[in-house]
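Reading through the structure tokens given below for one structure.
The values are calculated or read from the model by the stated rules, or taken from the named source; none is laboratory data. These figures come from a predicted structure and were not determined experimentally. Here Cβ is always computed from backbone atoms with ideal geometry, including for glycine, and neighbour counts include all displayed protein chains. Heavy atoms of the whole protein, side chains included, go into the accessibility calculation; ligands, DNA and RNA do not. Shrake-Rupley method; radii C 1.70, N 1.55, O 1.52, S 1.80 Å.
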Amino acid sequence: MSEATQSSAAVNVAPVRFSPRRVWTLAYATMTQLMRMKILPFLLLFCVLVAAMGFGFSTINPEQQLSQFKTMSLGVLQVFSIVFGIVATALLLPKDLDDRTLYTILSKPVPRFDYLLGKLLGVLMLIASGLVIIDAVLSLILWLQQSMLFDAAVSQLHSEKQDTPEAVAQMREIVARQGLTWNLHWAVWAIFLKAAVVTTVALLLSCIASSTLFTIVIAFCITIIGHGHAMIREFVLQPNLSSASVRIASFLLAAICPDLAQFDVVDSVANGEVIPWTAVYEMTGIAALYMTVYLFVTHLVFVEKEL
Amino acid sequence: MSDTPAVSVNHLTKVFKGSLGKGAFRAVHDVSLTVKPGEVYGLIGPNGSGKSTTMKVILGLLNATEGDTRIFGIPSTEVASRRSVGFLPENPYFYKHLNGRETLHFYGKLCGMTGDHLKSRAEEMLALTGLEDAATRRVGGFSKGMLQRLGLAQALIHEPQLLVLDEPTAGVDPSGSRIIRDLIIEFRSRGITVLVTSHLLEQMQEVCDRVGIMAHGRMVREGRLDELIAVENQTEMVLENASPDLLAKINALVKAEGGGTRLLRSGHPRTTLERLFLEATNEPKKP
Amino acid sequence: MKRKLQAAAVLLIFGVLKMPLEQRVTHDLRTMHLVDEPLHLGVKGNMGQMGLAAAFGGLRGLIATVFQLRAHVEFTRVNWAQVDKYYGFVTQLQPRNARYWEEASWHMAYNAASYYLYNKELKPALRGQLFHEYVQRGTTILNEGLALMPDNPRLWQKLGDLHWNRSKDFKASGDAYLSSFQHGGLNFTERFAGFAYAQANDPDSWTKGYAILKKLYDEKKATPGLIEFLKMLEQNLHIPAAQRIPDAGPVRRATDPQAGPLRQ
């Protein structure tokens with residue numbers, strides 16, 4: 001036993017500051033905790049599903065096949081990341097409270113903000129890892145498909161004596177546009193941003209709510225409203241459309257919920273649209289803003305929360 | 001030792017606001033107590049008497065409605081006050097995927113400990129709590145007593161000057177309970193202040209220097225244990241190998257004394273059931 | 001309690017401040033064609049679309065793909081009414097996806113129309129009528145898509161193809177190809193516009209076609225087909241001999257205007 005414990009005289013009044021190392025410790029523990037919840041087999045199953053989808057479609061043309069594959073896999077990926085973000089976050093805090101792990105953590109010199117940030121980062125790190133793995137699988141399948149479909153389409157053109165340089169070039173252009181491009185990764189990035197915003201909202205709700213079910217249900221409601229946000233906003237901004245009470249209710253909804261449709265570039269990517277850097281910056285910026293403010297509000301609620 | 005109390009609770013009142021349709025509930029009412037550095041202080045009382053609530057306010061997990069609590073002079077509302085506290089909650093669970101050593105490393109890192117210092121401290125704590133053999137076992141497979149000891153180890157990892165233990169022996173078998181009580185006595189000998197709650201009075205009697213008795217959210221008695229439980233007008237004498245003649249002589253002397261002096265009872269003192277249990281379960285196995 | 005009030009205030013103030021920013025980002029993303037524009041269907045329609053968007057929670061693309069697969073199943077069963085219905089859902093869910101409009105139109109104007117045209121169980125008059133109805137349905141679908149995306153060269157090109165191959169309306173085909181080229185379509189669409197105009201029945205179209213083809217000829221982008229159409233137009237428009245391109249061989253009109261002039 002050291003001298004410090006021998007004497008009770010030493011009273012250190014220096015404030016406990018934010019520590020990235022502490023946040024990392026909490027985030028890493030959260031990530032491993034979630035990984036033990038059988039998340040890896042689920043990821044593997046998803047990869048198998050994606051692979052099956054990639055080669056399982058009955059098709060009319062290569063463009064349709066590539067596009068359908070991208071839409072389906074990115075759509076499922078989006079559902080997976082949002083559901084995972086909401087459910088994992090809604091479970092984490094109540095579980096720590098039930099197990100009294102929260103008491104042992106917060107009775108250490110750990111600021112509550114560090115704890116919150118650690119939990120959030122842990123969930124986001126796991127979502128990000130999952131998305132990176134699936135993105136790699138998706139890219140591989142798309143690249144394989146792209147080459148196979150192009151060869152098949154050219155040989156069909158050849159057999160029909162339609163393989164003029166123009167037709168082949170057009171086919172190449174179509175397949176290249178629908179195949180593996182950087183846009184696919186930006187779409188996955190947009191999916192991550194959306195999931196990150198929804199996860200932060202779920203964290204805020206789980207600090208307010210006393211039941212996991214309530215957190216999950218309300219987080220899903222906000223997710224749904226968030227996708228219609230642009231229309232609520234435009235409705236609020238149009239004058240003389242409805243009664244004052246309806247307008248106030250719509251305004252409150254628009255004020256509280258994030259606009260999640262801003263991250264809905266997945267369909268455009270599946271259509272072969274190119275995502276410029278400006279769009280990436282704007283999406284990343286607004287997601288960072290949402291997360292910062294929602295996390296700050298979460299902190300204000302949690303710092304006073306009675307455990 | 002410094003004069004600054006390890007724990008000071010001044011006129012603490014805690015009221016829980018009622019949720020929809022329910023009235024407010026006053027869990028703690030104007031409680032004051034002081035824990036001096038180096039002593040073992042027992043906060044005892046029946047379930048619902050406000051012990052755990054008082055403890056949570058001391059640890060900053062709950063906010064005081066009125067009054068204030070301090071740890072070594074620092075208000076409990078400051079995170080810095082937790083630098084010198086280790087806490088073992090009632091029936092603790094830890095991350096099941098970690099093993100004993102990893103759990104201690106996790107809590108050590110939260111306290112800012114790193115490298116060799118953390119590693120050696122974790123090993124020291126495993127040895128102190130008798131968990132060396134379980135260092136690489138997943139916490140998910142730990143028995144209740146082992147979890148409690150791991151809880152003690154994590155509470156001590158950052159070398160705190162104050163240990164707060166909430167029902168440390170609840171639900172633990174007698175041998176596990178014995179180990180925990182021995183550890184509390186060991187902590188006291190090392191100069192660590194201990195604030196412990198329990199409703200197992202005999203066990204508290206064994207380890208505490210001072211106790212506070214709470215009931216219905218109020219502090220009803222407080223003081224040194226030996227003073228509180230001493231029956232001032234009675235004297236106990238235990239003899240070994242006393243002959244019947246000697247006992248008869250003593251009896252006669254007492255009668256001869258007269259006045260208010262009288263012999264209340266005599267007979268063979270009984271061992272405690274706990275001691276009997278420990279002797280029986282620690283006997284070597286017969287071939 | 002104080003902090004909770006602060007939290008509510010921060011949330012509300014941020015809510016007010018973020019709205020113009022969200023408006024701007026949404027506007028930018030819509031300009032880049034990354035996020036769907038709301039359909040201009042009036043307020044009620046907008047609210048309906050909001051309900052749709054909300055109900056699918058950002059998964060309109062995924063749901064559209066599912067409907068597309070169902071449409072494909074109906075296509076294999078040659079159930080054209082169902083194919084049309086499912087593609088109706090698909091194009092409503094993904095109105096900015098040109099491919100869906102194109103596929104919907106293709107199913108109607110080519111597959112369904114041909115199915116009825118060659119269906120020997122039907123009376124010849126009915127066959128022709130159904131053929132024309134489905135071709136018209138395909139044209140309508142493309143026009144609906146073009147109303148939402150008037151700058152889409154691909155849809156213009158497909159409309160040009162449809163008029164050329166199915167309704168034999170070469171003037172309309174030429175207009176569509178030309179529009180495709182003007183909106184950034186592939187180079188051949190300009191040439192096809194010229195070919196289509198050349199096969200129309202009115203001198204105005206011939207003039208337009210001649211202008212296009214002559215320009216391409218002068219830019220040394222002539223193909224054998226282009227030269228033959230150009231020579232045909234020189235004859236039709238009575239271009240003075242001095243202005244005609246050098247003779248590249250006799251030209252005769254094709255019996256089937258779709259085939260273009262025959263080469264020797």
Exercise. Considering chain B as a Gaussian network with a 10 Å cut-off on Cα pairs, which listed residue, B:GLN161, B:GLN234, B:GLN148, attains the greatest mean-square fluctuation?
Worked result: B:GLN234
Seminar exercise, completed: Treating every alpha carbon of the protein assembly as shown as one equal point scatterer without solvent, the Debye formula yields log10 I(q)/I(0) values at q = 0.07 Å⁻¹ of -0.73
Exercise. What dipole magnitude, in Debye to the nearest 20, does the protein assembly as shown give about its Cα centre under +1 on Lys/Arg Cβ and -1 on Asp/Glu Cβ?
Worked result: 780
For this session: Assuming R0 = 56 Å, can you tell me the calculated FRET efficiency for the pair B:THR77 and A:ALA136, based on Cβ-Cβ distance, to the nearest 0.05?
Result: 0.70
For this session: Taking the Cα atoms of the stretch B:40-121, report the difference between the largest and smallest coordinate on each principal axis, in whole Å and largest first.
Result: 42, 28, 23
Exercise. Applying the Karplus parametrisation 6.51 cos²θ - 1.76 cosθ + 1.60 with θ = phi - 60° to the phi angles of the stretch C:108-115, what ³J(HN,Hα) value in whole Hz is obtained for each residue in order, glycine and proline being reported as x?
Worked result: 6, 6, 9, 5, 5, 4, 5, 4
Exercise. Tell me, in nm to one decimal, what length is gained between A:PHE296 and A:TRP277 on full extension, where the rule is 0.36 nm per residue of separation less the Cα-Cα distance?
Worked result: 4.0 nm
Exercise. How would B:TYR95, C:TYR217 rank on accessible area, largest to smallest, probe 1.4 Å?
Worked result: C:TYR217, B:TYR95
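Per DSSP H run of n ≥ 4, the term is -39500 (n - 2.57); total these for chain B, divide by its residue number, and report the mean residue ellipticity at 222 nm rounded to 500 deg cm²/dmol.
So the helix-based figure for chain B works out to -10000 deg cm²/dmol.
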Exercise. What part of the accessible area of chain A, given as a whole %, is carbon or sulfur when the probe is 1.4 angstrom?
Worked result: 70
Exercise. Calculated FRET efficiency, A:ILE256 and C:ILE245, Cβ-Cβ r, R0 56 Å, to nearest 0.05?
Worked result: 0.20
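Might you report the magnitude of the Cβ-based charge dipole of chain A about its Cα centre, with Lys and Arg at +1 and Asp and Glu at -1, to the nearest 20 debye?
940
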Exercise. Taking H as built 1.01 Å from N, whose amide H comes closer than 5 Å to the amide H of B:SER49, not counting residues under 5 places away?
Worked result: none
Seminar exercise, completed: For C:LYS2, the accessible surface traced by a 1.4 Å probe with all protein chains present amounts, in square angstrom to the nearest 10, to 140
Problem set entry | Estimated FRET transfer efficiency (A:ARG247, C:ALA147; beta-carbon r; R0 41 Å; 0.05) | 0.85
Exercise. In whole angstrom, how far apart do the alpha carbon centroids of the stretch B:55-132 and the stretch A:205-244 sit?
Worked result: 40
Seminar exercise, completed: Here, B:LYS96 and B:HIS268, labelled 7 Å along Cα→Cβ, have an inter-label distance in nm of 4.9
Exercise. Cross-link partners among aspartates and glutamates for C:LYS18, C-alpha distance below 13 Å, same-chain residues fewer than 8 apart left out?
Worked result: A:ASP259
Exercise. Under 5 Å between amide H atoms, partner at least 5 residues away or on a different chain: which partners does B:VAL40 have, H built in plane at 1.01 Å?
Worked result: B:VAL194, B:ASP209, B:ARG210
Problem set entry | Exceeding the 18 Å Cα-Cα cut-off - candidates A:LYS108/B:LYS96; A:LYS108/B:LYS109; A:LYS305/B:LYS56; B:LYS17/C:LYS4; B:LYS51/B:LYS109 | A:LYS108/B:LYS96; B:LYS51/B:LYS109
Problem set entry | Most fluctuating residue given options A:VAL197, A:VAL50, A:VAL154, as computed from a GNM of chain A linking Cα atoms under 10 Å | A:VAL154
Exercise. When you look at the Cβ of every residue in C:13-22, what mean number of other chain Cβ atoms sits within 10 Å?
Worked result: 6
Exercise. So how far apart, in nm, are the two label points at B:ASP182 and B:ALA127 if each is 7 Å from Cα heading toward Cβ?
Worked result: 1.7
Exercise. Got a number for carbon plus sulfur as a percent of the stretch C:52-150's accessible area, 1.4 Å probe?
Worked result: 59
For this session: Taking the dipole about the Cα centre of the protein assembly as shown, with the C-beta of Lys and Arg at +1 and of Asp and Glu at -1, give me whichever of C:HIS163, C:LEU178, B:ASN63 is farthest to the positive side.
Result: C:HIS163
Seminar exercise, completed: Label model pair C:GLN235, C:ARG77: point-to-point distance (7 angstrom along the Cα→beta-carbon line) in nm is 5.3
